[in-house]
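Below: one structure, written as structure tokens.
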Amino acid sequence: MNILDVIKHLITRASKDLEPVFGGPWPNDKNHQCRFTEGEEGARPFPPLISHVSPSPFPAQGLETAHGSGTRARALSAAKRPS
């Protein structure tokens, strides 16, 4: 769906006469961002202007520690234990 089609549809539903205004880029706007880390290669299967990167493996070791190390986690754990 084209954004202009959405704008036109919303205008037809409005209770007053509106005209779309296109502002253009702001000063210092980026037209392109590169967010790859070293060793990552992007593929462009669909859509052709967006790069896709597979996530790198995440070690399972440390997940429990990272999730369950806080005070709230200890309090919840203690509350679940039978007295």
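A short reminder: the numbers here are calculations on the coordinates, not readings from a lab. Treat the numbers as computed from the prediction; the structure is a model and nothing was measured. Reconstructed Cβ throughout: ideal geometry from the backbone, glycine too, with neighbour counts over all protein chains shown.
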Original post:
What does the highest-first list of 34-47, 14-27 look like by mean Cβ count within 10 Å?
Top reply: 34-47, 14-27
Original post:
Dipole magnitude of the range 2-60 about its Cα centre, charges +1 at Lys/Arg Cβ and -1 at Asp/Glu Cβ only, in debye to the nearest 20?
Top reply: 220 debye
